[in-house]
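**Student:** Before I ask anything, let me first share the structure, which is written out below as structure tokens.
The values are calculated or read from the model by the stated rules, or taken from the named source; none is laboratory data. None of these values were measured; they are calculated from a predicted model. Note that we place each Cβ from the backbone using ideal geometry, even for glycine, and neighbour counts take in every protein chain shown. Each accessible area value is taken on the protein alone, full model and side chains, heavy atoms only, with ligands, DNA and RNA left out. Shrake-Rupley method; radii C 1.70, N 1.55, O 1.52, S 1.80 Å.
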Amino acid sequence: MAELMQRFKFHASPRAGTLLLALLEEGLAGSEPPQALIAVPLHPHRARERGFDQGCWLAERLAARLHVPLVGARRLADTRSQRGLDRGKRRGNLRGAFRLEARLPPRVALLDDVMSTT
């Protein structure tokens, strides 16, 4: 699984992305679907470095498959990488970094380009 995520994140592998999308959809099967999806946006600088915004790519396709709205979000700050930070430092690093473009329903799913600290 880690190799699959690495290929998607750093090598823009469409096959890896399609597989991740299928796994996300399978993981949500049998449970009450979210009322909306939110993609954690990359800063435009980081998106240019990677070639695209992976979380947004996944969220757009999953929202269409689940027939739920995609709530837009903007990245306000180009934060440092979360890699190597513990949970507390990750939260502090991201404080104030995002702005939502709409109010949220009670049940949302948040999509990022990687799985990190829970």
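**Student:** Any chance you could tell me what percent of the C-alpha pair distances in the stretch 59-110 go past 16 Å?
**Tutor:** Tail fraction, whole percent: 56.
**Student:** Now a separate question. When the dipole is taken about the Cα centre of the stretch 41-118, and only Lys, Arg (+1) and Asp, Glu (-1) are charged at their Cβ, what size is it in debye, to the nearest 20?
**Tutor:** 280
**Student:** How big is the stretch 32-94 by the Kirkwood estimate over distinct Cα pairs, in Å?
**Tutor:** Every distinct Cα pair counted, the radius reaches 13.2 Å.
**Student:** Quick one: pull the percent of accessible area on the stretch 44-108 belonging to carbon and sulfur, 1.4 Å probe, ligands and nucleic acids left out.
**Tutor:** Answer for the stretch 44-108 is 50 percent, counting heavy atoms of protein chains only.
**Student:** Roughly how many Å² is the accessible area per residue of the stretch 51-118, as a whole number, for a 1.4 Å probe?
**Tutor:** Value returned for the stretch 51-118: 68 Å² of accessible area per residue.
**Student:** Net charge within 13 Å of HIS45 by Cβ-Cβ distance, Lys/Arg positive one each and Asp/Glu negative one each, not counting HIS45 itself?
**Tutor:** Neighbour charge sum, excluding HIS45 itself: +2.
**Student:** For ASP78 paired with ARG48, estimate the spin-label separation in nm (one decimal), with each label point 7 Å from Cα along the Cα-to-Cβ line.
**Tutor:** With each label placed 7 Å out from Cα toward Cβ, I get 0.8 nm.
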